Amino acid sequence: MVTDPVIVVENLTKYFGKKCVVDHVSFAVPRGSVTAFLGRNGSGKSTTLRILLGLLEPTLGRSEVLGHDSQNLPPALRGQIGYLPESHPVIGWMTVDATEKFQSAFYPAWNREVFQATIDHFGLDRSAKAGALSRGQRAGLALACVLAPEPELLILDDPALGLDPVARRALLETILYITRSPGRTVLLSSHLLDDIERIADYLLILDRSVLRAACPVEVFRERIAQFQVVFDHAPPELPPIPGLLDSLRVNNALRITVANPPADLEQTLAALNPIEILRQPVNFQDAVTAYMSDHRNRGFFLERPASPHAPRSAAGGAA
Amino acid sequence: MMMMTERAPARPHTTEGSGRDRESGAAPPLSRAALRRGMSALVKKELRENWAYPLMCWLVWAAIAILYTWTAGEQGINILGSVLIQIPTALTASAMGLWIGIGSTIRQRDPDQWALFIHRPVSRSHLFLGRILGGTLLYTLALGLPFALLLVLAATPAGGPFFEWHMTLPTLADFLTGFLCYLVGFLIGDRSAFILGSRVLPVFLAIALLYADFLLPRFSWYLALAALAAALLLLANWGSTLSRGYRLQRATPLPARWSLRILLTLAFLPLVALASLPFWIILNGHPFNTIGPRAPDHTTTGYGLTPDGALVKRTLTSSNGHLTVTTTDLDGHSIAPPASQTLMQSWSLAPRFSWPTNYRELDRQITTYSVADPSNQPRELWYFVHPAGLAYGYDAKTHAFLGTLGQSGFSPPGSARPTPFQHTEVDSYPFTYPNGIFQVDFDRRTVTTLWQPPSGERLLQIISAPEFLAHSTSRGLQYRFAWQLLITNKSLGIRNTETGALQATLALQDPLTPNTRLDELPDDHGWAIEDTGPGYTVSHPPPFTVESRFPETFARYDAAGRLLWSRHLAVVTTSAGAAPSHDPRLRRLQWDQFQRGLLTSLTLPAAGLDPTVRHILLTSSPNPYFPSLLTPWLNTGLLLGALLCALLTLPLTALYRTPWKPAWILAALLLGPAIPLTLLATHSFPPPRPRPAPNPTPTTILT
């Protein structure tokens, strides 16, 4: 249970025509957290964020942002929410300088130093036209416009989308700067799990429109367990294991990834008469990937030998 | 990772006074000054973003100016009265308005661009206001500047010798039309809807507004329409900005929602009208439809004038489908049939309905008279302004003001203006007003009163019966008005133009007996006059049937050549009534004249068909056939059509959850396809469907 939430979402559902894009999603984002909003393409992340900002109307359910119904956010409250859409929109004909002038006219608390620091960080020339900037620079300009009002809540929709590594690093550094500010909440949707692991302390995972995880990152890590089960013969068929995310056979070993591992899992595995059962640390990226993966029909791509000379073997079947 | 953390910029200090109470989470609303600053920035952005539109507009107007100068315009008429200026003014204003409206809003069709624009600490209403202000300024810059230059030019001698402020009204109306078109364009560009559906529908509104700009005769009428349209469009646009998002279905304010519905319905009306046309035809018949029962019994009275100036009374009585024409003198005594054939003039005492003169028809408001010098070059130009009842004279070369002519005579510059002619003009030649007939000599600058009605009477109508004397190619048509028929509110008189005396008078009991339909003149070809046995029949095959199954009969004569009844018939009269009135050659000639639009008079050359012909006039009496009523087949068709429309409406009302369902069904029964089409136009299509159940939730990690 999240105390002092900045965002509260209850039973949020959105249909586009017949297609359900967000399916009865409920979560809360803790104040001061950096919350990563993960999910595969088309899982409904951007739609959820747009509903939170009142740009889109839910088909069902409700959401609150900073204590207000997100469908009726007071204008002044919108000033406390910074939003960076995934395409990093800027007004193309404006120069960087003109962009600042235009944006700052709406924000009495516009922090010029933050704007300047951000555009410096991305190497932007004030006289350059926004439309002529590279993708990474445009992202920097858009981010500067979002940061300069010093919002209480930052909603970043896949800010690293399409950025080269340098621009991505600059973006990440800027986000790290943001997180220094106490009380500021960041809701960040991204596919870059390395970056997320560094900065996020809370996690939301949408899988095919359904919320499948809403927890601190540490909890998520704890709940995902990986076992290496070694046999002296070809591994047998696995019995049904609740929460099994992935199982991979490498020669005579099985690597099993399980969410919310049941208490009797080791006993279940021991019943298969393995030589050895090792509980391995699982890295964040593997855990998230396994959690979001669709396990159907990937046998061909997982069929890999343990060594270049080892015979090819069939992949371990999922439960 | 550490490197990146180290490189992150240090947290800078917030600008003074800009801190917020983060603890409480309260966000103070923007101060008035901050809001003004934001709005100002928004307006500037709109102007800067769309600067190309005014530029394009100015280029178009430069081209128009060059074209006008190249064609040298129209001599003697103010530049504002020129068709070369009026039509481009209206067309460019509406096209540019539409273009600016669409172009300035369509840029934000991308959802993220829209989010960038809309997600700021200003209400959507304020953002809408800023955009509209910016767009209005842009439009004013684009169109207002050339229009202002045009008006300034028109007000100077370079624009024409004569200028009055009301001449600017058409230009102002065009400017308003353009602004309305801008709002229409805004709605098209801004509104979230299918581009090939209801989103593009308001284009028809722009076309309708352009029509109204030209059609409405009074500027005040157009002003009222423009105010109403602007209010509806602004409300609809406001609602569009409030509700727009990624297909946002947010409830818009009720006035905005209803404005949009009204506008879409109005824009949809042309289609509805087209769909309802068959119903309308079935219900009301059409002018060429003669099937159905005859008219009920009726009697119509008209008056006629014989060549010797005597008045006769004609009464047409229809009883049981038979028409009887009786011609009597004014005392009710019967007159021998030949007298009715020699009618020189026939008229009906019906009120003349005429659409008021359009305020933009400057040539109808202002008649230009030219006084030529001996070399036949214009020496003086006199502008008779009908609404003012005064004529203003100018030197044709120097454009110097010469003076004013009114009912009381000439008044030179600097002196008091003469008494004007009365506002309501009865006829322009001769100068005829309710208080008399006047002769104005612009060359001598004199005004002579020819006739004045008795005290307490007003002249309502003057009909001049011309007698053609000769035809000369060099001098034009020569004729004289032998008689003038003067109709006042109390009497009817025949005035001899030679002596100026009234020859006969008739007290009118009911001067407004409606028995004429002069507005339905035929303008197509295919007329025929057939000898149908005992009488003549003038008929016209309807254009829709090859077999001519339902010929429209316009006139019928008895065997003796007497007119039994007629409809839009040109009556040929002769000088003395001696020549046959219905000579087939003359009739053919007469119909030729119909086809050429020469409706009321015909001059025959010396070698003409009949040198005794004096005049051909148009007369009319009611068609004994009424438009068709319903036949059993049509009845059945109508009933089935109405039921079909009701059946179509029923599921639509259920799908759209429309209130007052019985009323919609009843309306569909009465108005046909207009109702289901209106429902489709004003609701989203396809209708919303029930949502399926949510997906089952798999393994989750929720805390």
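Answer rounded, prolate or oblate for the stretch B:71-169, using the Cα gyration tensor with square roots of eigenvalues a ≥ b ≥ c: rounded when a/c is under 1.5, else prolate when a/b is larger than b/c, else oblate. Since a/c reaches 1.5 and a/b is larger than b/c, the shape of the stretch B:71-169 is classed as prolate. Note that the stretch B:140-206 shows a convex hull volume over its alpha carbon atoms of 84 Å³ per residue. Extending 7 Å from Cα along the Cβ direction at B:S31 and again at B:W51 yields two label points whose distance is 3.2 nm.
Computed from backbone phi, the HN-Hα couplings of the stretch B:186-194 come to 4, 5, 5, x, 8, 6, 7, 6, 5 Hz, rounded to whole numbers (Karplus: 6.51 cos²θ - 1.76 cosθ + 1.60, θ = phi - 60°; Gly and Pro given as x).
Under a Gaussian network description of chain A, with springs only between Cα atoms under 10 Å, the residue in A:A167, A:A287, A:A263 that fluctuates furthest is A:A263.
Which whole-number percentage describes the relative contact order of the stretch A:117-224, with Cα contacts under 8 Å and a sequence gap of 6 or more? Write out the running numbers ahead of the final one.
Details: 99 pairs, mean separation 22.2, N = 108.
Relative contact order of the stretch A:117-224: 21 percent.
Put simply, the Cα atoms of the stretch B:117-174 extend 57, 16, 12 Å along their principal axes, the longest span coming first. Take each residue in B:119-131, count the other chain C-beta atoms within 10 Å of its C-beta, and the mean is 4. Seen against the Cα atoms of chain A and their longest principal axis, helix A:112-121 is set at about 50 degrees. Put in order of Cβ neighbour count within 10 Å, fewest first, the listed residues B:F268, A:F16, A:F106, A:F37 become A:F16, B:F268, A:F106, A:F37. Between A:K45, A:K18, A:K129, the residue with the greatest mean-square fluctuation in the GNM of chain A (Cα pairs under 10 Å linked by springs) is A:K18.
For the stretch B:354-466, what value does the Rg/Rh ratio take when both radii are computed over Cα atoms and Rh is the Kirkwood radius, given to two decimals?
On the way: Rg = 14.8 Å, Rh = 15.0 Å.
Answer for the stretch B:354-466: 0.99.
Can you quote the Å³ per residue value for the convex hull of the Cα atoms in the stretch A:58-102, rounded to an integer?
Working: hull volume 5.2 nm³, N = 45.
That works out to 116 Å³ per residue.
Seen against the Cα atoms of chain A and their longest principal axis, helix A:165-180 is set at about 80 degrees.
Within 10 Å of each Cβ in peptide B:104-115, how many partner chain Cβ atoms are there on average? Round it to a whole number, please.
On the way: counts 0, 0, 0, 2, 1, 0, 3, 7, 12, 6, 3, 11.
Rounded to a whole number, the mean comes out at 4.
Can you bin the stretch B:110-246 into rounded, prolate or oblate? Criterion: square roots of the alpha carbon gyration tensor eigenvalues sorted a ≥ b ≥ c, rounded for a/c under 1.5, prolate for a/b above b/c, oblate for the rest. The partial results should precede the final answer.
Details: a/c = 2.86, a/b = 1.93, b/c = 1.49.
It comes out prolate by the Cα gyration axes.
In this label model, B:T69 and B:S491 are separated by 6.2 nm, measuring between points 7 Å along each Cα→Cβ vector. For the stretch B:47-64, 3J(HN,Hα) computed residue by residue from phi via the Karplus equation (6.51, -1.76, 1.60; θ = phi - 60°) reads 5, 5, 5, 10, 5, 5, 5, x, 4, 4, 5, 5, 5, 4, 5, 5, 5, 5 Hz, glycine and proline entered as x. Projected label points at B:S375 and A:S127, each 7 Å from Cα along the beta carbon direction, are separated by 6.6 nanometres.
What is the sum of charges, Lys and Arg at +1 and Asp and Glu at -1, for the other residues whose Cβ falls under 11 Å from the Cβ of B:H126? Intermediate values should be presented prior to the final figure.
Working: positive: B:R36, B:R120, B:R124, B:R131; negative: none.
Charge balance in the 11 Å sphere: +4.
Quick one: compute the contact order of the stretch A:61-149, relative version, from alpha carbon pairs under 8 angstrom and 6+ residues apart, as a percent.
Details: 94 pairs, mean separation 33.4, N = 89.
Reported relative contact order: 38 percent.
Note that the stretch B:147-153 has calculated 3J(HN,Hα) couplings of 5, 4, 4, 4, 5, 4, 4 Hz, one per residue in order, obtained from phi through the Karplus relation 6.51 cos²θ - 1.76 cosθ + 1.60 (θ = phi - 60°); glycine and proline are x. Take the Kirkwood radius over Cα pairs of the stretch A:125-262, plug it into Stokes-Einstein at 37 °C and 0.692 mPa s, and you get 180 µm²/s for translational diffusion. Annotation: amide H of A:L245 within the under-5 Å range of A:T257, A:V258, A:A259, sequence separation 5 or more or interchain, hydrogens built in the peptide plane. Looking at the stretch A:140-294 alone, DSSP beta bridges between its own residues are antiparallel in about 85 percent of cases. The simple Förster model, with R0 at 41 Å and r as the Cβ-Cβ distance, assigns A:L60 and A:N283 a FRET efficiency of 0.65.
When peptides A:271-283, B:47-59 are sorted by average Cβ neighbour count within 10 Å, with the highest value leading, the order is B:47-59, A:271-283. Under the shape rule built on the C-alpha gyration tensor, where the axes satisfy a ≥ b ≥ c, the stretch B:365-405 is prolate, since a/c reaches at least 1.5 and a/b is greater than b/c.
Work out the FRET efficiency for A:D97 and B:S125 from their Cβ-Cβ distance, taking R0 = 25 Å, and round it to the nearest 0.05.
Details: r = 29 Å, r/R0 = 1.17.
The formula returns an efficiency of 0.30 here.
The calculated FRET efficiency for B:T424 paired with B:L502, based on their beta-carbon distance and R0 = 22 Å, is about 0.50. Each pair of Cα atoms in chain A enters the Kirkwood radius, and Stokes-Einstein at 25 °C and 0.890 mPa s then converts it into a translational diffusion coefficient of 113 µm²/s.
Here, each number is a calculation from the coordinates, and none is a lab measurement. Small disclaimer: the values here were computed from a predicted structure and weren't measured. A quick note on method: Cβ atoms are made from the backbone with ideal geometry, for glycine too, and the neighbour counts reach across all protein chains shown.
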